[in-house]
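J.: Right, I'll just put the structure down here and ask away after.
Please treat every number below as a calculation from the coordinates, not as lab data. Treat the numbers as computed from the prediction; the structure is a model and nothing was measured. Here the Cβ positions follow ideal geometry from the backbone for every residue, glycine too, while neighbour counts run over all protein chains shown.
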Amino acid sequence: MQTEFWINGELQNMLEGLDDDPDNPSRLNRDTILYMLLHIPDAVASFDRLYPELLPAEQERVLPLRNIVDAKLLEDNVDAADRSGRALNANSVRRGGGWCPPPYDPPKWN
C-alpha cells in the first residue's frame with residue numbers, strides 16, 4: 001500500500017479544509033503547503049493524486065499553489081537552458097602565444 005505525503009497518522013488529508021469555514025477548517029495554511037510543494041518532490045506527486053478527492057471549494061483554495069509550483073519549475077527549466085546555451089555560445093578566441101602543435105607533414109610515397 002502506497003503512503004501519501006499529505007495523509008497524517010490519523011488518516012486525515014492535510015490538504016482538506018477551508019480558511020474561513022469553522023465546520024471544515026483548513027489543517028495547513030497556504031504558506032506551509034506552498035513551501036512543501038516547492039521543496040519536497042513527493043509532496044507534488046501526492047498532491048496530484050489527492051487533488052481530485054477534495055471538495056470543489058478546497059480544490060479552489062489549493063490549485064493556485066500548485067500553479068505557482070508549475071510556474072517555478074518552468075522558470076527553473078528556462079534558466080537552466082539559458083545557462084547551458086550561454087556556455088555553448090561563448091566563443092574563445094586564440095590571439096597567439098602558447099604552444100601549438102607542429103604542422104602536419106603527410107608521408108611521402110615513392
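J.: Among the residues of the range 19-57, which ones are of a type in the set (Asp, Glu) and over 21 Å from ALA71 (Cβ atoms)?
T.: If the condition is that a residue be of a type in the set (Asp, Glu) and over 21 Å from ALA71 (Cβ atoms), then ASP19, ASP20, ASP21, ASP23, GLU53 are the ones that fit.
J.: Somewhere in the range 46-60, is a residue not aliphatic (A, V, I, L, M) and not in a helix (DSSP H, G or I)?
T.: no
J.: Next question. Restricting to the range 5-18, and then to whatever is assigned to a loop (DSSP other than H, G, I, E, B) and touching a strand residue (DSSP E or B) at 6+ places or on another chain (Cβ under 8 Å), can you tell me which residue is nearest to GLU60 (Cα to Cα)?
T.: Per the criteria, the residue is GLY17.
J.: Give the residues of the range 1-21 that are surrounded by fewer than 16 Cβ atoms within 10 Å (Cβ to Cβ) and of a type in the set (D, E, K, R), sorted by residue number.
T.: Correct list: GLU10, ASP19, ASP20, ASP21.
J.: Within the range 13-30, take every residue that is touching a helix residue (DSSP H, G or I) at 6+ places or on another chain (Cβ under 9 Å) and of a type outside the set (A, V, I, L, M) and give me the one that is farthest from THR3 (Cα to Cα).
T.: The residue in question is ASP21.
J.: Would you please name the residue that is surrounded by the most Cβ atoms within 10 Å (Cβ to Cβ), looking only at residues in the range 37-62 that are closer than 15 Å to TRP6 by Cα and free of Cβ contacts under 8 Å to residues at least 24 places away in the same chain?
T.: Within the range 37-62, the match that is surrounded by the most Cβ atoms within 10 Å (Cβ to Cβ) is GLN59.
J.: Shifting gears a bit: Restricting to the range 22-36, give me the number of residues that are surrounded by 11 or more Cβ atoms within 10 Å (Cβ to Cβ) and outside any loop (DSSP other than H, G, I, E, B).
T.: Result for the range 22-36: 7.
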